[in-house]
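**Student:** Please find one structure pasted underneath; my questions will follow.
What follows draws every value from the coordinates through simple rules; no lab data is involved. Quick caveat: nothing in here was measured; it's all calculated off a predicted structure. For neighbour counting, all protein chains shown are included, and Cβ atoms are generated from backbone atoms with ideal geometry for every residue, glycine included.
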């Protein structure tokens, strides 16, 4: 077996990218990532290249690709004065020896760069895809959920990685009392001078800019937070306006009309996106439209509130209101997605939801 190291060679990068089709060939649940977007992220066209280093490793037996892994240094990822290294974009056949050689090659490169702390899977930063699914296999993923074979976490642990951070998704089913509770909370909220409004889809770029400005303030103290430019942020959410339901994205304002928080939920169009098969051409978009039936599930993806108003109950009001909107629009359940174990939104979710999937980020000290 040979491990090939490369950076931006288009032919090799395309083999790297399409290896996932081999890994998931027999998996009916897998949602192929958008190839063009992923190719841009993995090549010199990604904004990440301006802020760090990125190298790819491809395992081959003869001409046949067997596994892939990228090693990254994000110059904005500093913790206690140390740069953090990442490994990500991992895909591998069910053969530990392939994963072992890929990890050895990646970590050796990071050692050469004087990196001593390595985390993964993280695709450059936590603004991008990260985490392994560790519990809840054998089910279709929801939209934007990490998805991988069950042997990936075992391979990392066997190599010497240890769980650094755990995450959970919980499922919420509805009853009439929840709508009444939302009405009561909102009434008290407005009496204090606060207000809430939905996203204005006609002014999507302005609304996306507001999400950006709030996010960089709200999440700046989160674990693994790194700065992100408006250019990078807007590129991440390119095309989102075709998926979003504006009534499921809510902004909260304080009595002085200052934006202080938001909740972001999205219909679970996983099956329709799966039918696009990773392509963004006219035919794939047509397949999306033809299969985009009204989903039964909505995903509560992000809840964020400025630190200075967290004690005012803004978060619980936003959650109550988005659940009211979800229920009134005919969804039968919601998923509180990808919450870290110490997250406030997880504590809110525990009151009405049941955890059904788990995820992890791993770490190794070199």
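**Student:** Given an 8 Å cut-off on Cα distances and at least 6 residues of separation, report the relative contact order of the stretch 175-331 as a percent.
**Tutor:** Working: 199 pairs, mean separation 45.0, N = 157.
It comes to 29 percent, rounded to a whole number.
**Student:** Based on the inverse mean of 1/r over its pairs of different Cα atoms, what is the Kirkwood hydrodynamic radius of the stretch 55-100, in Å? Mind dumping the intermediate values first?
**Tutor:** Numbers: mean 1/r = 0.0829 Å⁻¹.
For the stretch 55-100, inverting the mean 1/r across all distinct Cα pairs yields 12.1 Å.
**Student:** Working from Cα positions, state the angle (0 to 90°, nearest 10) between the long axis of helix 282-291 and the longest principal axis of the chain.
**Tutor:** 50
**Student:** Would you mind classifying the stretch 2-166 by shape? Square roots of the alpha carbon gyration tensor eigenvalues, ordered a ≥ b ≥ c; an a/c under 1.5 is rounded, otherwise it is prolate if a/b is larger than b/c and oblate if not. Don't skip to the end; give the middle numbers.
**Tutor:** Numbers: a/c = 1.32, a/b = 1.19, b/c = 1.11.
The shape class here is rounded.
**Student:** Pull out the extension gain between residue 310 and residue 200, defined as 0.36 nm times the separation in residues minus the alpha carbon to alpha carbon distance; nm, one decimal.
**Tutor:** Answer, rounded to one decimal: 37.1 nm.
**Student:** Normalised by the number of residues in the chain, what is the relative contact order in percent for Cα pairs under 8 Å and 6+ residues apart? Can you show the working numbers first?
**Tutor:** On the way: 652 pairs, mean separation 79.2, N = 366.
Taking the mean separation of contacting Cα pairs over the length of the chain, I get 22 percent.
**Student:** Just to confirm the number: angle between the C-alpha axis of helix 314-328 and the first principal axis of the chain, 0 to 90 degrees, nearest 10?
**Tutor:** In the chain, helix 314-328 runs at an angle near 90 degrees to the longest axis.
**Student:** Given labels modelled 7 Å from the Cα in the Cβ direction, how far is it in nm from residue 26 to residue 366?
**Tutor:** Between residue 26 and residue 366, the label points sit 3.6 nm apart.
**Student:** Here is a further query. Between 0 and 90 degrees, rounded to the nearest ten: what's the tilt of helix 10-23 against the longest Cα principal axis of the chain?
**Tutor:** 70
**Student:** If I stretch the segment between residue 356 and residue 209 completely, what's the gain in nm (0.36 nm per residue apart, minus their alpha carbon distance), one decimal? Please report the intermediate quantities before stating the final value.
**Tutor:** Numbers: separation 147, 0.36 × 147 = 52.92 nm, distance 3.30 nm.
The residue 356-residue 209 span can extend by a further 49.6 nm.
**Student:** Something else: Simple spin-label model, 7 Å along Cα-to-Cβ: residue 96 to residue 76 in nm?
**Tutor:** Once both label points are built, they end up 3.8 nm from each other.
**Student:** What's the Kirkwood radius of the stretch 86-220 in Å, using all Cα pairs?
**Tutor:** Numbers: mean 1/r = 0.0521 Å⁻¹.
That comes to 19.2 Å for the stretch 86-220.
**Student:** Right, something else. Just grab the label-to-label distance for residue 223 and residue 5, each label 7 Å out from Cα along the Cβ direction, in nm (one decimal).
**Tutor:** Taking the simple label geometry, residue 223 and residue 5 are separated by 3.0 nm.
**Student:** How big is the shadow of the Cα convex hull of the chain, averaged over all directions, in nm²?
**Tutor:** Working: hull surface 73.4 nm².
For the Cα atoms of the chain, the hull's average projected area reads 18.3 nm².
**Student:** Give me the extension gain from residue 187 to residue 237: residue separation times 0.36 nm, minus the current Cα-Cα distance, reported in nm with one decimal.
**Tutor:** Numbers: separation 50, 0.36 × 50 = 18.00 nm, distance 3.30 nm.
Value of the extension gain: 14.7 nm.
**Student:** Using every Cα-Cα pair within the stretch 175-331, state what percent have a distance larger than 23 Å. It would help to have the intermediate numbers written out before the result.
**Tutor:** Details: 5397 of 12246 pairs.
Within the stretch 175-331, distances greater than 23 Å cover 44 percent of Cα pairs.
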